[in-house]
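Read the structure below first, then the notes.
The values are calculated or read from the model by the stated rules, or taken from the named source; none is laboratory data. None of these values were measured; they are calculated from a predicted model. Just so you know, the surface numbers come from the protein's heavy atoms only, side chains and all, with ligands and any DNA or RNA stripped out. Shrake-Rupley method; radii C 1.70, N 1.55, O 1.52, S 1.80 Å.
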Amino acid sequence: MDRYECLASPSTATTAVAVCRECGVGLCSRHLHVEQHEMHLAAGLGKSTTRLPARRVVCPACAKAERSR
C-alpha cells in the first residue's frame with residue numbers, strides 16, 4: 001500500500017506502515033500520530049473504563065480535526 005501524505009513529493013519512495021483509524025488513509029512512519037485512547041466497557045454500575053489506555057493511529061488531518069473541537 002502506498003502512503004498518502006507523502007504523495008506531494010514523488011521523489012520520496014516510502015510505503016505505508018499503518019492505516020488511519022478514522023479515514024483509512026495509508027501512513028508512513030513520518031506522518032502517523034500515535035495517541036492514547038481510553039477504552040469504555042459496558043459494566044453496569046461498576047468501573048466503565050479499562051485500567052490501561054489503548055493505542056490509536058491517526059493521520060495528521062484527523063489528529064488536527066480532533067484537536068479543533
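At a glance:
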item: Filter result (part of a loop (DSSP other than H, G, I, E, B) and either open to solvent by 100 Å² or more (accessible area, probe 1.4 Å) or at pLDDT 70 or above (or both)) within segment 1-12; result: M1, Y4, P10, S11
item: Identity of the residue in segment 32-69, of a type in the set (D, E, K, R) and not in a strand (DSSP E or B), that ends up farthest from V19 (Cα to Cα); result: K47
item: Selection from segment 22-67 of residues that are open to solvent by 90 Å² or more (accessible area, probe 1.4 Å) and at pLDDT 90 or above; result: E22, K64
